[in-house]
Amino acid sequence: MTLYEKLTCGVYMIAEMSANHAGSLDNALEIVRAAKRAGADCLKIQTYTADTLTIDCDNEYFRIKGGLWDGYKLYDLYKEAGTPWEWHDAIQAECKKEGLDFLSTPFDHTAVDFLENMGVEFYKIASFELVDIPLIEYTASKGKPMIISCGMGTPEEIQDAVDACHRQGNDQIVLLKCCSEYPANYSDMNLATIPDMRERFGVAVGLSDHSMGSIGAVVGVSLGACVVEKHFCLSRAIKNPDSAFSMEPEEFADMVKDIRAATQIRGKVSYERTASEEASTVFRRSVFAVKDIAEGEVFTRENVRVIRPAHGLVPKHYGQLLEQSAKRSYCKGDPILIEELAHA
């Protein structure tokens with residue numbers, strides 16, 4: 001199975017480390033191990049520096065107003081939250097050791113080149129970079145699967161990103177429905193958009209979930225999400241820019257369990273009876289004699305009824321049966337036979 005097939009067949013679980021290493025490589029490596037134990041398929045990091053994301057400027061344009069990071073200067077936030085590039089090899093090696101796929105989000109061309117030299121197998125584009133078409137084109141040109149978060153994206157902006165991949169001959173695209181709030185409010189998530197995105201853009205669709213708990217992910221999977229990405233930490237007590245809306249290992253493990261169950265429950269489009277259902281059909285209703293009936297006697301609502309079980313004439317023929325004469329005698333509790341119908 002190719003990596004793209006893994007992403008699109010079933011539900012692929014991504015644990016997003018982001019800033020949850022809190023500046024410690026030891027924490028980062030333990031996050032890899034904890035993610036594996038919790039049932040993740042993949043560990044994701046982000047590849048940027050403060051200088052590749054923004055400039056060190058203190059005017060009003062570069063200060064965050066409101067929300068989780070209120071008052072931060074953009075440059076300082078990214079400097080604090082970033083994963084040092086010199087850690088990447090160690091994190092990738094730990095993922096390989098643990099049997100986890102390794103994924104990163106590049107934020108500029110130099111990050112793509114750096115990750116290419118590491119031999120990464122696929123890429124993630126963040127919601128805020130959805131409109132960076134030059135970055136998407138360059139990343140897609142590497143010919144590897146592209147996971148693209150669509151938070152804040154209009155249909156036109158999402159289509160632009162998909163078209164950018166197609167222009168590079170890259171059709172290995174997974175879009176992620178995402179609400180770019182930290183944490184996301186349930187009422188703002190609108191996960192009913194997932195099947196619409198799949199039909200509208202003609203590609204696989206997953207979910208990047210910033211809400212608290214696992215219910216959002218379970219609902220997303222029930223609506224067809226093939227990828228689920230959640231921020232993952234060792235403990236929310238280890239404070240960092242992402243800890244407040246990240247999942248702890250036990251919570252992530254519970255979510256994986258619930259998602260696997262939801263995937264089974266969702267199943268496929270099917271009108272077939274299961275073996276157990278087939279065995280239960282005997283308890284359906286059918287037409288029975290509820291009084292003794294002599295041969296030639298007329299069937300009426302007083303001597304025949306639609307009751308359980310299902311050994312007699314199916315109920316849809318009940319009206320046709322009434323006022324006909326019995327072709328044989330019946331005792332109370334005998335099923336009425338199909339041969340009683342006039343056309344039989």
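The values are calculated or read from the model by the stated rules, or taken from the named source; none is laboratory data. On a predicted model such as this, the values are computed, not experimentally measured, just so you know. Ideal geometry is used to build each Cβ from the backbone, glycine not excepted, and the neighbour counts take in all protein chains shown. To get the accessible areas, we keep the full protein, side chains included, count just its heavy atoms, and leave off ligands, DNA and RNA. Shrake-Rupley method; radii C 1.70, N 1.55, O 1.52, S 1.80 Å.
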Restricting the stretch 83-138 to residues that are part of a strand (DSSP E or B) and either without any contact (Cβ under 8 Å) to a residue 40 or more places away in the chain or in contact with a His (Cβ under 6 Å, 6 or more places away or on another chain) (or both), the one surrounded by the fewest Cβ atoms within 10 Å (Cβ to Cβ) turns out to be Tyr123
Within the stretch 31-58, tally of residues that are charged (D, E, K, R), surrounded by fewer than 23 Cβ atoms within 10 Å (Cβ to Cβ) and within 20 Å of Glu80 (Cα to Cα)
3
Residue tally, condition among the hydroxyl-bearing types (Ser, Thr, Tyr) and closer than 18 Å to Leu341 by Cα, over the stretch 281-297:
1
Could you please let me know if Tyr78 is farther than 18 Å from Asp209 by Cβ, crowded, with 17+ Cβ neighbours inside 10 Å and aromatic (Phe, Trp, Tyr)?
yes
Which of the helices (runs of 4 or more DSSP H) found entirely inside the stretch 152-232 contain at least 1 residues meeting this: more than 25 Å from Pro134 (Cβ to Cβ), modelled with pLDDT of 95 or more and within 11 Å of the chain's Cα centre (by Cα)?
193-201, 215-222
Going through the stretch 1-35 in order, the residues found to be part of a helix (DSSP H, G or I) and within 19 Å of the chain's Cα centre (by Cα) are Leu3, Tyr4, Glu5, Lys6, Leu7, Thr8, Ala35
Are any residues in the stretch 255-274 open to solvent by 90 Å² or more (accessible area, probe 1.4 Å), within 30 Å of Ala310 (Cα to Cα) and without any contact (Cβ under 8 Å) to a residue 24 or more places away in the chain, and if so, which ones?
Lys268, Val269, Tyr271, Glu272, Arg273
Pick from Phe201, Phe245, Phe232, Phe252: which is aromatic (Phe, Trp, Tyr), open to solvent by less than 50 Å² (accessible area, probe 1.4 Å) and touching a Gly at 6+ places or on another chain (Cβ under 8 Å)?
Phe252
